[in-house]
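Before any comments, here is the structure.
The values are calculated or read from the model by the stated rules, or taken from the named source; none is laboratory data. Being a predicted model, the structure only gives us computed values, none of them experimental. Every residue, glycine among them, receives a Cβ derived from its backbone with ideal geometry; neighbour counts consider all protein chains shown.
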2 protein chains.
Amino acid sequence: MSEAVSIPEAAALLLEQKRILILTHERPDGDAIGSSFGMREFLRQCCGCEAEVVLPAPPPERYQELIGEYKTTLTPEEVAQYDLILLLDCANCERIACGPAVDPVSLPELSRPPMLNVDHHKGNNVNARWNVVMPQIAAASQLAAEIAMAMKRPLPERAATFWLLGIVTDTGAFRFSNTLSNTLRVTADLLDCGANLECVVNAAYYSKPLNQQKFEAELLETQEKLAFDGRYIYAYIPDELFAKYDFDMRDGEGVIDLLREVAGTKIAALYYRKGDCFKVSLRSKDQRYPVGPLARGLGGGGHDMAAGITLRGMDQKQVEALLLEKVAAVLGEREED
Amino acid sequence: MSEAVSIPEAAALLLEQKRILILTHERPDGDAIGSSFGMREFLRQCCGCEAEVVLPAPPPERYQELIGEYKTTLTPEEVAQYDLILLLDCANCERIACGPAVDPVSLPELSRPPMLNVDHHKGNNVNARWNVVMPQIAAASQLAAEIAMAMKRPLPERAATFWLLGIVTDTGAFRFSNTLSNTLRVTADLLDCGANLECVVNAAYYSKPLNQQKFEAELLETQEKLAFDGRYIYAYIPDELFAKYDFDMRDGEGVIDLLREVAGTKIAALYYRKGDCFKVSLRSKDQRYPVGPLARGLGGGGHDMAAGITLRGMDQKQVEALLLEKVAAVLGEREED
């Protein structure tokens, strides 16, 4: 049985639990980290819960100081000892970061512990026991903050700072179209609770390692390409460029923004080889040309304005050609409106 | 006679006028443009005023589409025909952009028309007839919006969009330390009035000409220097680099942010030759190391976290050495606290 619940209902559910296991998606970004660790702090400090976050792989370097300690492994026996699994910011079971000993797909189906799925991705198909899936909310961290605020307890500064991190990173510092007036009002409330904007911004925006800056400068110099009268901008990152600057895309959340900042572009794509497949990131700058449907059509996922795909069985030239064809359709179809 | 007035008093003053001349600072940035044109739209549409903005030099290309038409020249005779001069976002008389036919220093002293000076710069020394100078407010555009809201009339979408532009650019998209909860709440109100965030962000952040991106990439590759264990980062822009990419600092509001984004840096400086002097921009990432006093000590101005100086009678090496010495003092003094 799977049921949609409201924010106050989710708050009431959390208040009934003693031991809560917090999980999020693999390759955690600012919002995955912010929503999870913010909830951990809040549940521990304000609800008297035992709450743990599991991250089997280390998060981006820039967030490590902020995070502190966390659980890195998980066994099925440990899972069974919790009262509730709180899944945050994760749209698909396959993407749940739980380590090799636990089957992620089995987790939402457990009756003991049951799962509460809190997310803001349109295509969320986790089907947990309880689900708060609100695609109109900018960040899972905003949802987490709203659930906590529904409990009418003062928010700890540290929890507010984590949720601020998630909102700031998922809205691109309030620049993406998911920024609504309620996003700003929740953020204002977090600042009033003592959320540390300087610390968040320094971690998210002003902690670029020098090697990354040089990597990006060379990428823009040598790999950037424009098509369709400059409306599509894209770049392929060759393996050699990663090697030259010792750069890992685990720290590359913001690289695609460099492409879309170019004047006149509508859609940006960045892709690179990972093992035997290609990882593709897509961004739109114009609501008339959403990239979400394009990504989902190729087995990927995400939002209208920000999406991703993993492509297999192709070489680099084929990926480039496939993206050119699909982007042309998005830009062309809509032009005839 | 010069008098400080409150936001509601400024609103009442504006409501008494028929013809209002709106002026701002030379080399207008997003906040100068946003505060001025937002007020023009509001006064015309909601107060039945004749209101004009004067910009003697063209504003940055990226804002031109948003702005539409404006007045480019001004004579003393024309000035005398207005009921009020509304000066926005301008800290010093010398910086008022009024064209060659009018002496900017004489403007605040006129009794006919009198001047209302609305600004958020700490060192504002305009001493107009009436002054609303509030350094704790993030942007002159926020102040303008608050004055308009005090009139309790619905804000036109276009005015709200202009003020959003000023707030977004002066807070670096809500990343700078001037971002307070009231900044976000006023911005939320502007979004509720129909302010177009996509249009503002595309103009301010996603309208970088390709030549600027290539200019920046080469600047970072070749000119970036670190000192004091990486806590100070700076770059000199040689004349040849401007020439190679046909780039003008009129469009370079965000270039210094590329320096401060590097991990571990506390203070960033960018400087370049302009005629017979050097223009220096300074930024701090840490409230313990403000750059405002440093700038004022060298005849410049600005805020604690963002300031600027014009230096004369030095060559490039002397500017570099002077800045190294002054920055060392800021970083060193405070370290002994």
**Prompt:** Which helices (runs of 4 or more DSSP H) does the range A:147-244 wholly contain that include 3 or more residues that are under 19 Å from A:Ala32 (Cβ atoms) and at pLDDT below 95?
**Reply:** A:197-204
**Item:** Qualifying residue in the range B:116-127 (condition: surrounded by fewer than 23 Cβ atoms within 10 Å (Cβ to Cβ), more than 8 Å from chain A (Cβ to nearest Cβ) and closer than 17 Å to B:Arg40 by Cα)
**Value:** no
**Request:** Just one of (1) acidic (Asp, Glu); (2) surrounded by 13 or more Cβ atoms within 10 Å (Cβ to Cβ); (3) modelled with pLDDT of 95 or more trips up B:Asp304, so point out which.
**Result:** (3)
**Complete:** Of those in the range A:289-312 that are touching a helix residue (DSSP H, G or I) at 6+ places or on another chain (Cβ under 6 Å) and outside any strand (DSSP E or B), the residue nearest to A:Arg231 (Cα to Cα) is A:Tyr289
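Evaluate the following for B:Arg19: is it touching a helix residue (DSSP H, G or I) at 6+ places or on another chain (Cβ under 6 Å) and touching a residue at least 40 places away in the same chain (Cβ under 8 Å)? Before the answer, list the steps.
Details: touching a helix residue (DSSP H, G or I) at 6+ places or on another chain (Cβ under 6 Å): no; touching a residue at least 40 places away in the same chain (Cβ under 8 Å): yes.
Criteria not met by B:Arg19.
Which one of A:Arg62, A:Arg44 is over 23 Å from A:Asn178 (Cα atoms), of a type in the set (Lys, Arg), touching a residue at least 12 places away in the same chain (Cβ under 8 Å) and part of a helix (DSSP H, G or I)? Before the answer, list the steps.
Details: A:Arg44 fails: touching a residue at least 12 places away in the same chain (Cβ under 8 Å).
After applying the criteria, what remains is A:Arg62.
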**Fill in**
Counting only residues in the range A:245-256 that are in a loop (DSSP other than H, G, I, E, B) and among the acidic types (Asp, Glu), the one surrounded by the most Cβ atoms within 10 Å (Cβ to Cβ) is identified as A:Glu253
**Complete:** Taking first residues from the range B:100-124 that are in the same structural domain as B:Leu55 (by TED's automatic domain parsing) and second residues anywhere that are in a helix (DSSP H, G or I) and among the small types (Gly, Ala, Ser), the pairs with Cβ under 7 Å that are 6 or more apart or on different chains are B:Arg112/B:Ala80; B:Leu116/B:Ala10; B:Val118/B:Ala10; B:Val118/B:Ala140; B:Val118/B:Ala144; B:Asp119/B:Ala140; B:His120/B:Ala140; B:Lys122/B:Gly292
**Asked** When the range B:161-193 is examined, which residues are found to be surrounded by fewer than 22 Cβ atoms within 10 Å (Cβ to Cβ) and either in contact with a Lys or Arg (Cβ under 6 Å, 6 or more places away or on another chain) or among the charged types (D, E, K, R) (or both)?
**Response** B:Arg175, B:Arg185, B:Ala188, B:Asp189, B:Asp192
**Message:** Looking only at the range A:257-269, filter to residues that are surrounded by 21 or more Cβ atoms within 10 Å (Cβ to Cβ) and of a type outside the set (D, E, K, R); which one of those is nearest to A:Ala204 (Cα to Cα)?
**Reply:** A:Leu258
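Out of A:Ala32, A:Ala10, I need the residue that is closer than 25 Å to A:Leu190 by Cα, touching a His at 6+ places or on another chain (Cβ under 7 Å), modelled with pLDDT of 95 or more and assigned to a helix (DSSP H, G or I). Which one? Outline the logic, then answer.
Values: A:Ala10 fails: touching a His at 6+ places or on another chain (Cβ under 7 Å).
When all the criteria are applied, what remains is A:Ala32.
Of all residues in the range B:67-90 being in a loop (DSSP other than H, G, I, E, B) and at pLDDT below 95, which is surrounded by the fewest Cβ atoms within 10 Å (Cβ to Cβ)?
Of the range B:67-90, the ones in a loop (DSSP other than H, G, I, E, B) are B:68-70, B:72-75, B:81-83, B:89-90.
Restricting the remaining residues to those that are at pLDDT below 95 gives B:68-69.
Working: B:Gly68: 9, B:Glu69: 6.
Here the residue is B:Glu69.
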**Item:** Selected residue (criterion: nearest to the chain's Cα centre (by Cα)) from residues of the range B:109-132 that are farther than 20 Å from B:Thr169 by Cβ and in a strand (DSSP E or B)
**Value:** B:Asn117
**Message:** Of the residues A:Gly172, A:Gly194, A:Gly166, only one is more than 7 Å from chain B (Cβ to nearest Cβ) and without any contact (Cβ under 8 Å) to a residue 40 or more places away in the chain; which?
**Reply:** A:Gly194
**Request:** Can you confirm whether the range B:270-288 contains a residue that is in contact with a strand residue (DSSP E or B) (Cβ under 8 Å, 6 or more places away or on another chain), surrounded by fewer than 18 Cβ atoms within 10 Å (Cβ to Cβ), assigned to a loop (DSSP other than H, G, I, E, B) and more than 14 Å from chain A (Cβ to nearest Cβ)?
**Result:** yes
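Against the definition (at the interface with chain B (Cβ under 8 Å from one of its Cβ atoms) and of a type outside the set (D, E, K, R)), how does A:Pro156 come out, yes or no? Give the derivation first.
Values: at the interface with chain B (Cβ under 8 Å from one of its Cβ atoms): no; of a type outside the set (D, E, K, R): yes.
Considered against the rule, which asks whether it is at the interface with chain B (Cβ under 8 Å from one of its Cβ atoms) and of a type outside the set (D, E, K, R), A:Pro156 comes out as no.
Do we have A:Tyr232 as of a type in the set (Ser, Thr, Tyr) and either outside the structural domain of A:Lys317 (by TED's automatic domain parsing) or touching a residue at least 40 places away in the same chain (Cβ under 8 Å) (or both) here? Don't jump to the end; show me each part of the working.
Working: of a type in the set (Ser, Thr, Tyr): yes; either outside the structural domain of A:Lys317 (by TED's automatic domain parsing) or touching a residue at least 40 places away in the same chain (Cβ under 8 Å) (or both): yes.
Taking the combined requirement at face value, the residue satisfies it.
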**Prompt:** A:Ile137 is checked against (1) touching a helix residue (DSSP H, G or I) at 6+ places or on another chain (Cβ under 6 Å); (2) part of a helix (DSSP H, G or I); (3) away from chain B (no Cβ under 12 Å) and fails just one. What number does that condition carry?
**Reply:** (2)
**Request:** Any residue in the range A:253-264 that's facing another protein chain (nearest Cβ under 9 Å) and under 9 Å from A:Ile233 (Cβ atoms): show its pairings with residues that are in a helix (DSSP H, G or I) and acidic (Asp, Glu) at Cβ separation under 6 Å, as long as the two are six or more apart or on different chains.
**Result:** none
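From the list A:Leu21, A:Leu13, which one is buried (at least 22 other Cβ atoms within 10 Å of the Cβ) and touching a strand residue (DSSP E or B) at 6+ places or on another chain (Cβ under 9 Å)?
Details: A:Leu13 fails: buried (at least 22 other Cβ atoms within 10 Å of the Cβ).
A:Leu21 is the lone residue from the list that is buried (at least 22 other Cβ atoms within 10 Å of the Cβ) and touching a strand residue (DSSP E or B) at 6+ places or on another chain (Cβ under 9 Å).
Just for the range B:197-251: of the residues that are of a type in the set (Lys, Arg) and out of contact with any Asp or Glu (no Cβ under 6 Å at 6 or more places or on another chain), which one is nearest to the other protein chains (Cβ to nearest Cβ)?
Taking the range B:197-251 first, the residues of a type in the set (Lys, Arg) are B:208, B:214, B:225, B:231, B:244, B:250.
Applying the additional criterion that residues be out of contact with any Asp or Glu (no Cβ under 6 Å at 6 or more places or on another chain) yields B:214, B:225, B:231, B:244, B:250.
On the way: B:Lys214: 7, B:Lys225: 11, B:Arg231: 13, B:Lys244: 13, B:Arg250: 15 Å.
Ranking the qualifying residues of the range B:197-251, first place goes to B:Lys214.
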**Complete:** Given the conditions (1) surrounded by 19 or more Cβ atoms within 10 Å (Cβ to Cβ); (2) β-branched (Val, Ile, Thr); (3) out of contact with any Ser or Thr (no Cβ under 7 Å at 6 or more places or on another chain), every one holds for A:Thr222 apart from (1)
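Rundown of residues vs (1) at pLDDT below 95; (2) within 20 Å of B:Asp248 (Cβ to Cβ); (3) touching a helix residue (DSSP H, G or I) at 6+ places or on another chain (Cβ under 8 Å); (4) not assigned by TED's automatic domain parsing to the domain that holds B:Leu220, yes/no style:
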site	(1), (2), (3), (4)
B:Ala268	no, no, yes, no
B:Tyr271	no, yes, yes, no
B:Val280	no, yes, yes, no
B:Arg283	no, no, yes, no
B:Gln287	yes, no, yes, no
B:Glu325	no, no, no, no
B:Ala328	no, no, no, no
